[in-house]
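Accompanying notes for the structure given below.
The values are calculated or read from the model by the stated rules, or taken from the named source; none is laboratory data. Not measured: the values here are computed from a predicted model. A quick note on method: Cβ atoms are made from the backbone with ideal geometry, for glycine too, and the neighbour counts reach across all protein chains shown. Note: accessible area is taken over every heavy atom of the protein model, side chains too, but ligands, DNA and RNA are not part of it. Shrake-Rupley method; radii C 1.70, N 1.55, O 1.52, S 1.80 Å.
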Amino acid sequence: MSGPCDGVEPPRSFRLRVSAAFMAGAAALVACQTVPPDPQAALIAKGRDLFFNETFAGNGRTCGSCHRELENFAISPAFIATLPKDDPLFVAEFVPALKQNFENPRLMREFGLILENLDGFDDLANKFTMRGVPHVLALRTSVASPQGPRTGWSGDGAPADGSLRSFAVGAVIQHFTKTLNRVAGVDFRLPTDPELDALEAFQLSLGRQADLALPLPLKGTVAKRGQEIFLNNGLGKCNVCHGNAGANLAPGNNANFNTGVEDLPDQPARLTGERIPRDDGFGIPGDGTFNTPPLVEAADTGPFFHNNAIETIEGAVAFYNGQAFNNSPSGRFLASSDPNGVGIRLDGTQVVAVAAFLRVINALENIRQSIELLQQAEALGFFETAPAQALLGRAASETGDSIAVLSGGGLHPDAVAALGDAKRLTERAARSLFNRRGLAREAIQAQERARVQLMEVRK
Amino acid sequence: MRSLLSGLGMALGLLCASSHAHGQKATEQYIPIGQSPGVSQKYSSIGEVAGVNPAAQTVTIADPAGPRTVRITEKTRIWLDRTKIKQTNVPGRFADLQKGRRVEVKYADPERRDVAEWVKVEIGQP
């Protein structure tokens, strides 16, 4: 049978024939596995390396210091508690030049809050905000707006042209500096143009590359009802701003709103008595608006809102029932266009149903990502152990998230069991010397079994 | 229901339209002249100050494409770029726009190029 790499002459003697066949086979294997280099893949790989390893000659932090891959590119207080004392995240605790006005270690450790000088650096003791770390998944779907790119919690996270590409420049200046002088070339170095290109490519490669098309053919009774409420513009009204559970009013139209989060009573971080100025959101001075984040990734990326004010996805949905939202410009607007003058009013069961819907679509996205990672690991050659183990580790982490997201809401125990199988198979694949690909294939099948429990899947 | 949705969407679009996206200006202070990604020499001019008119609050830049006069308004931010002398960049004033100093001017309106959104003034040896 002729293969894609023909042209090997048969040897005369049997021994020579076997030997030559082996050599030719090996050569053909190598030759046939060689694929032309993919420039975009190389750029993304370079961006990944920069994101997790490049300190830009600063205080030791990288982008990955806050945007942890195993934390869905965010960071939670629970994860922070597992870090060693000398982790660069804690530079304010051990670098004398950064002890004052760089971070608030208590609020970082207890609530995962990071200090930002969004309104300027002229009064560091009094002009700052405390914000959570937003995940950077599905950025391809959420940055574009008719008014220009929107990045960060308030949509204005990047200096210069405000683009995702420029975001790293502002992040280095704000978070990577060795001293509060923030002198380029002394306290840090600024990313070069090729580095900005690579970082942007990497970030755009993360997570979903397109929005969902709701409604999905969900199977779970409560999640199905949650989807109905979500899409009902006379009841949940969620889809008005979070179109298709994404971040947009319409494709390419990400927007900012004042939803009254800053007016929440009993915000956990403020209960500590630590000084936290009001966060004025977009612009200098701010207009009180914040950027709409995507919801598909919400359930496993809490705490929620720009100030990590709410811990659970149920609490985040319930926020829209409260006075803070309904008295806000956005809540009043919804009320003004409602025949009964109601902003958003959901009962407890309805709050839980919407949250169940968000949990299920998050788990479906985790399953999609897990399968993608498992397929990538399966495609790697026998000797590519390290990259395969890295991919399998990420797949196992994603699968752990889907288990936590579903079981946290008491949802789909059958799917949770299948995902448990998938996680065990994935971890075994990562350890296996000879059956990595077979176990990865089995893990994919288990993921698919779980997915079928969550929604109708067309063959 | 679909028309209600599109109506709400359009109205919300108008509600949020006042928030014009712009770069987070705060960290801009620390970016040296010529290094603002996507801005430097695209939406800005870099050159020496060729003239200053305090009465009109204008400054003329010797842009390679020809002299360009821009207005400094109360919204214009002026920063002293002291990177070359390894000192922190600080806010400046109109009086810092002195003839012969190298500056970068970002235009508030990239089409009209008549008003400065910000100006960075390079400070060399003291």
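Some values worked out for this structure:
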| item | result |
| --- | --- |
| For A:178-185, mean number of other protein chain Cβ atoms within 10 Å | 4 |
| Efficiency of FRET from Cβ geometry, residue A:455 and residue A:193, R₀ 56 Å, rounded to 0.05 | 0.80 |
| Pairs from B:25/B:120; A:46/B:25; B:42/B:120; B:84/B:106; A:127/B:25 whose Cα-Cα separation, in the structure shown, is over 23 Å | A:46/B:25 |
| Ellipsoid equivalent to the protein assembly as shown - semi-axes via the Cα gyration tensor, in Å | 44, 35, 23 |
| Net lengthening on full extension, residue A:45/residue A:414 (0.36 nm per residue, minus Cα-Cα) | 129.2 nm |
| Amide H contacts under 5 Å for residue A:298, placed H, 5+ residues apart | none |
| Average accessible surface area per residue within the protein assembly as shown, 1.4 Å rolling probe, Å² | 46 |
| Cβ-derived FRET efficiency at R0 22 Å, residue B:41 paired with residue B:69, nearest 0.05 | 0.75 |
| Alpha-carbon radius of gyration plus Dmax, which is the widest Cα pair, for the stretch A:157-242 in Å | 20.8, 59 |
| Shielding score for B:36-47, defined as the mean number of other chain Cβ atoms within 10 Å | 4 |
| Loop trypsin sites (Lys or Arg not before Pro), the stretch A:205-314, which have at most 12 other Cβ atoms in a 10 Å radius of their Cβ (DSSP) | A:275, A:278 |
| Relative intensity, log₁₀ I(q)/I(0), of the stretch A:201-249 from a Debye sum that treats every alpha carbon as a point, q = 0.14, 0.23 Å⁻¹ | -0.42, -0.85 |
| Set of aspartates and glutamates with alpha-carbon distance to residue A:423 below 20 Å, sequence-local pairs under 8 removed | A:69, A:71, A:297, A:300, A:365, A:372, A:378, A:398, A:401, A:414, A:442, A:448 |
| Label zone at residue A:124, where the point sits 7 Å out along the Cα-to-Cβ direction: the stretch B:80-104 residues whose backbone N lies under 14 Å | B:88-90 |
| Per principal axis, descending, Cα span of the stretch A:188-290 in whole Å | 53, 43, 24 |
| The stretch B:89-126 residues near the modelled residue B:57 label - backbone nitrogen below 11 Å, point 7 Å along Cα→Cβ | B:94, B:116 |
| The protein assembly as shown - share of DSSP beta bridges that are antiparallel (%, nearest 5) | 80 |
| Part-to-part distance (alpha-carbon centres) for the stretch A:249-269 and the stretch A:387-440, which is given in Å | 34 |
| Enclosed volume per residue, in Å³, of the convex hull spanned by Cα atoms of the stretch A:123-185 | 115 |
| Test item: B:87-94 mean partner chain Cβ contacts at 10 Å | 3 |
| Cα→Cβ-extended label distance, 7 Å offset, between residue A:433 and residue A:79, nm | 3.4 |
| Threshold 20 Å² - residues in the stretch A:126-153 whose accessible area is reduced by that much or more when the chain is no longer isolated, probe 1.4 Å | A:147, A:150 |
| Dipole of chain A, positive end: most advanced residue of A:264, A:305, A:186 [Cβ charges, Cα centre] | A:305 |
| Selection of trypsin sites (Lys or Arg not before Pro), the stretch B:22-119, meeting DSSP coil and at most 10 other Cβ within 10 Å | B:75, B:93, B:112 |
| Dipole magnitude of chain A about its Cα centre (Cβ charges: Lys, Arg +1; Asp, Glu -1), debye to nearest 20 | 1320 |
| Inter-site label distance for residue A:93 and residue A:274 at 7 Å from Cα along Cβ, in nm | 1.2 |
